[in-house]
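What follows draws every value from the coordinates through simple rules; no lab data is involved. As the structure is a computational prediction, the values presented were derived from the model and not from experiment. Here Cβ is always computed from backbone atoms with ideal geometry, including for glycine, and neighbour counts include all displayed protein chains.
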Amino acid sequence: MTEIPKDHPRYESLLAREKVAAGVKMGITSIQGLIAQGRGESFDYLIGERSTKSALYAERAAVAALLLAKNPVISVNGNVAALAPDKVVALADVTGAKLEVNLFHRTETRVHLIIEQLKANGASEVLGKNPDATLELSHDRRLVDSRGIYSADVVLVPLEDGDRCEKLVEMGKTVITIDLNPFSRTSRTATISIVDNLTRALDNMIKLGVELKKERKEELVKLITTYENKRVLSEAISEIQENLKAMAAEVEY
Ligand code: ATP
Ligand code: MG
């Protein structure tokens, strides 16, 4: 990896880029994953590279849903494994969720390497190597584990593809997504849409996990029953608008 100086004004963003590029070199991230990261970066610019109020509200509800779930599962793809393997393992630990590798560009080698990457970051069990169930999809993201995504009541699917998200919602699951693009099909179909950068969202969710674990069950239920995803999506778009207006006002003619 290229050494990024810590005082570089775009340190976080450049580091993330290096991590995804390293993921491709290691064979855990697909080459298409680079494009997905680039699209995410552009939305992050528009959002102002911060966790907005609506994102934090969605993150709180998402953690409550994971904590209350009977069988919560976190789905991991090549970008997630490259960018935040330690953070998904920490979130799984704090919420009691299982980890399952699920890939659009699936090869057995990539599945193996991602599982090893998660284990090197402290995961004890990772599903996804021997899928024994299928979702009604025409691509490899259909391959799932009956103990994991297939039977899960709550699934966190960071950096998801729209059609699988739709399918999981159709199956009656609570689907939590992390996607910087509020216009994607993923964001528009999820039960809880977190419009935030993966690494910021996971950091927030780990902290919220520690905090909400101490809450009474009724408080967690209240966070979910009062949660309004349509409002979150609408606010996420308004937050972009406001950020753009503020930036336009700063430009000197
Ligand atoms: P959809 O199928 O939901 O309409 P898409 O086809 O436009 O989405 P995909 O390539 O399926 O997009 O998924 C990648 C998504 O992940 C993009 O919307 C991108 O904004 C988002 N993304 C990429 N990197 C990050 C990141 N680091 N943090 C958060 N979101 C990200
Ligand atoms: Mg897509």
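Computed values, structure above
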read-out	value
Rough spin-label spacing in nm, given labels placed 7 Å along Cα→Cβ, for Ile35 and Phe183	1.7 nm
Order of Val221, Val24, Val232 under a 10 Å beta carbon neighbour criterion, fewest first	Val221, Val24, Val232
Straight-distance crosslink candidates among lysines, where the alpha carbon sits under 16 Å from Lys129 and sequence neighbours closer than 8 are dropped	Lys98, Lys119
Equivalent ellipsoid semi-axes, the chain, via Cα gyration tensor eigenvalues times 5, rooted, Å	27, 23, 17
Gyration tensor (Cα) of segment 153-253, equivalent ellipsoid semi-axes in angstrom	27, 19, 13
C-alpha center-to-center spacing [segment 82-147, segment 175-253] in angstrom	24 Å
J(HN,Hα) series, segment 139-156, from Karplus relation 6.51 cos²θ - 1.76 cosθ + 1.60, nearest Hz, glycine and proline x	10, 5, 6, 6, 7, 9, 9, 5, 7, x, 3, 4, 9, 4, 8, 10, 10, 9
Given charges at Cβ of Lys, Arg, Asp, Glu: segment 53-237 dipole, positive-most of Leu91, Val221, Val101	Val221
Amide H within-cut-off set for Leu99, under 5 Å, with H built and near neighbours excluded	Ile74, Leu127
Charge dipole of segment 53-237 about the Cα centre (unit charges at C-beta), most positive-ward option of Val80, Ile206, Thr189	Ile206
Helical contribution to [θ] at 222 nm, DSSP H n ≥ 4, -39,500 (n - 2.57), averaged over the chain, rounded to 500	-17000 deg cm²/dmol
Glu166, Glu160 arranged by Cβ crowding within 10 Å, fewest neighbours leading	Glu166, Glu160
Cα-based reach from Lys245 at 19 Å (exclusive), listing lysines while leaving out same-chain residues under 8 positions away	Lys53
Segment 53-237, dipole about Cα centre (Lys/Arg Cβ +1, Asp/Glu Cβ -1), debye to the nearest 20	280 debye
Likely footprinting exposure, Lys98, Lys119, fewest C-beta neighbours within 10 Å first	Lys119, Lys98
C-alpha center-to-center spacing [segment 1-66, segment 148-166] in angstrom	20 Å
